[in-house]
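Each remark here refers to the structure printed beneath this line.
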Amino acid sequence: MKRLFPWAVLLVFASVPLWLNDPYLLNAFITTGVFIIAAMSLNLLLGYTGQLSLGHVAFFGIGAYTSALVSLGFDVELLFGIRVVHEPWPVWSGFIIGTLVAGLFGYLVGKLSFRVRDAYFVIVSISFAEVTRLVALNWVELTQGPLALTSIPPLTLGLPGVGYFDFYSKQSNYYLVLGVLVISYVIISRLVKSRIGRAMVALKENESLAVSVGIDVTRYLVLAAVISAGMAGAAGSLYAHYLKIIDPDVFLFLYTITMVIMVVTGGKGTLAGPIVGGLIFGFIPVIARSFAAPEVQWILYGAFMILILFVLPQGIVPAIEKWFGVPNESDEARQSAPASAKTQDAS
Amino acid sequence: MTNSSQTSKQPVLTLEHIAVHFGGLVAISDLNFVVNEGEVVSLIGPNGAGKTTAFNVVTGFMRPTKGEVRYKGTSLNNLKPHQIAELGLVRTFQRTSVFQNVSVFDNVMIGLHRRGRSHLWDTLLALPRERQSERELRDKAREILGAVGIEHRAYELAGALPYGDQRLLGVAMALAAEPSMLLLDEPVSGMNPTETMRFMELLTRVRALGVTILLVEHDMPMVMGISDRIVVLNYGRIIAEGPPAAIQGNPEVIKAYLGQGAKQRARN
């Protein structure tokens, strides 16, 4: 039953484009899906290692810009008359390079700021996001600045001899985002259930104790930062190729806050939390739009967030798990060893 | 100075001229002692004598102002705590000795970290090596919980355990990290006599595995009962060193720490 549940959920979401013809709603599903991927990546840092990255949108934006620029090409003059010309590359390579470059920045920020922890990490991450936003705004030659990068080609998937497919329609983009979301979910799920995930939780819970049993703090924090940043970059790349236009506003602090709200209301440190929180806060503006003025929409958004955290301070998913008595991760170990579990019950 | 049967063995842990200053405060002035392989050594002394500081220096949580710590010939001065744990020198903590919000079983799984053989790719691609390594770790965790005697509480949150069991879990985690030497910081403080007895039995078994033990403890019956050798600290320096019987009768130790009651008991 418990094993079938994720498949059932996946099946429901896979069927959405088959019965939903409203392009506006489908668009809402796609952008929500992109932000859920970003929120899941933030959850890896915030929920499992306990580090709050308030500059997470930087990785999202770096992924978006890198991916767009790789597929569009650019021609910039650097210092001392060095000129860099880049011819457009296939779009799928933009997605991969965008993910890798975001991951690389995750490594740099991780190395730099995990020497300073907690509040200092929050400050470093905010500053980093603000610097990337200013670069995107002012390096006009590369990014077009406030004029935005336009005509970004849709993602294409080419197979030699078979032909290629481009993700131009809303339906195809929906499945693309769903696919990347599932892959991200599987990566995080495998990671947190492994020895690596246990090391991350150990660092969050009690760092001195963790190092005393031989866990290398920096290594696992940097690893979490790299994977988290790369995943956010992949989400940013999907966003750029879907919208076909990006401007420095992708680096807005507001987007980071949106991701944090999704993670915290859904339940940080749970696999399903960012998905549940993401769906709720991705769709509140959509639903509220049909009956409320723009200002009222934001008030509803805020009120709903406060209500959830007031009633369920741990988030929605932990509350549901508690309510239905869903077994947690350690119980899986018990299930995998029925013989010894029985003897333990008997004693 | 010592006449224990263990002294013929090789010294594994050596502290040479260790000094620790916090600003103007001298926590440890000049500490020299060795622990030999397979020995149980206790570090005792009044509060503030520098026992926990000495522990922190040995395990890399604090840098000595002067002097050198060596374990099996390797200098520990510039190593990080997790690197020292890699060498097999594993400690427990005085107060927060377990991960409170994690199940007892997973606490031991975390302790087993060093024994895992799977790499990042094994985990991400769910390769057979990952499953095999996890299975081995789970078997090992059950074995350790059984050895310590808290397997019936495996799936409770560690923070929900009674105090005595939390201390046992702390030791279980330390044992999971495959120590060749175990440093225990007041392991039986807050335990009742029955729990203390259980703990001493456990230490005897751990010792039989060949693990060297350095103990900081205030519980004198336990210290006297289990130690091969005792090092007495006062105001950051050693005031006496020797087997339990000699320490119990040492007038300076009685004056500084044990008190006159101990003198009378020793005489009886």
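A short reminder: the numbers here are calculations on the coordinates, not readings from a lab. Computed from a predicted structure; not experimentally measured. FYI the Cβ positions are ideal-geometry reconstructions off the backbone, even for glycines, and counts take in every protein chain you see.
So that you can scan it fast, the table gives a plain yes or no per residue for (1) within 8 Å of chain A (Cβ to nearest Cβ); (2) in a loop (DSSP other than H, G, I, E, B); (3) of a type outside the set (A, V, I, L, M):
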| residue | (1), (2), (3) |
| --- | --- |
| B:78 | no, yes, yes |
| B:84 | no, no, no |
| B:93 | yes, yes, yes |
| B:101 | yes, yes, yes |
| B:106 | yes, no, yes |
| B:109 | yes, no, no |
| B:114 | yes, no, yes |
| B:118 | yes, yes, yes |
For this session: From (1) away from chain B (no Cβ under 14 Å); (2) crowded, with 22+ Cβ neighbours inside 10 Å; (3) assigned to a loop (DSSP other than H, G, I, E, B), pick out the condition that doesn't hold for residue A:270.
Result: (1)
Problem set entry | the range B:121-131, subset in contact with a helix residue (DSSP H, G or I) (Cβ under 7 Å, 6 or more places away or on another chain) and either among the basic types (Lys, Arg) or under 22 Å from residue A:217 (Cα atoms) (or both), residue nearest to the other protein chains (Cβ to nearest Cβ) | B:123
Exercise. If you go through the range A:271-297, how many residues are touching a residue at least 12 places away in the same chain (Cβ under 8 Å) and more than 18 Å from the chain's Cα centre (by Cα)?
Worked result: 5
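If you check residue A:64 against the conditions, is it crowded, with 24+ Cβ neighbours inside 10 Å and under 13 Å from residue A:233 (Cβ atoms)?
Yes.
Residues checked against (1) more than 20 Å from residue B:211 (Cα to Cα); (2) crowded, with 23+ Cβ neighbours inside 10 Å; (3) more than 8 Å from every other protein chain (Cβ to nearest Cβ):
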{"residue": "B:133", "(1), (2), (3)": "yes, no, no"}
{"residue": "B:138", "(1), (2), (3)": "yes, no, no"}
{"residue": "B:152", "(1), (2), (3)": "yes, no, no"}
{"residue": "B:158", "(1), (2), (3)": "yes, yes, yes"}
{"residue": "B:164", "(1), (2), (3)": "yes, no, yes"}
{"residue": "B:174", "(1), (2), (3)": "no, yes, no"}
{"residue": "B:177", "(1), (2), (3)": "no, yes, no"}
{"residue": "B:182", "(1), (2), (3)": "no, yes, yes"}
Problem set entry | Residue ID - surrounded by the most Cβ atoms within 10 Å (Cβ to Cβ), chosen from residues in the range A:189-205 that are in contact with a Ser or Thr (Cβ under 7 Å, 6 or more places away or on another chain) and within 17 Å of residue B:114 (Cβ to Cβ) | A:200
Exercise. Of the residues A:127, A:93, A:71, which single one is without any contact (Cβ under 8 Å) to a residue 40 or more places away in the chain, assigned to a helix (DSSP H, G or I) and not aliphatic (A, V, I, L, M)?
Worked result: A:93
For this session: Identify all residues within the range A:105-134 that are closer than 27 Å to residue A:85 by Cβ and surrounded by 17 or more Cβ atoms within 10 Å (Cβ to Cβ); write none if there are none.
Result: A:105, A:132, A:133
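Anything in the range A:184-213 that is among the basic types (Lys, Arg) and at the interface with chain B (Cβ under 7 Å from one of its Cβ atoms)? List them, or say none.
If the condition is that a residue be among the basic types (Lys, Arg) and at the interface with chain B (Cβ under 7 Å from one of its Cβ atoms), then A:190, A:195, A:198 are the ones that fit.
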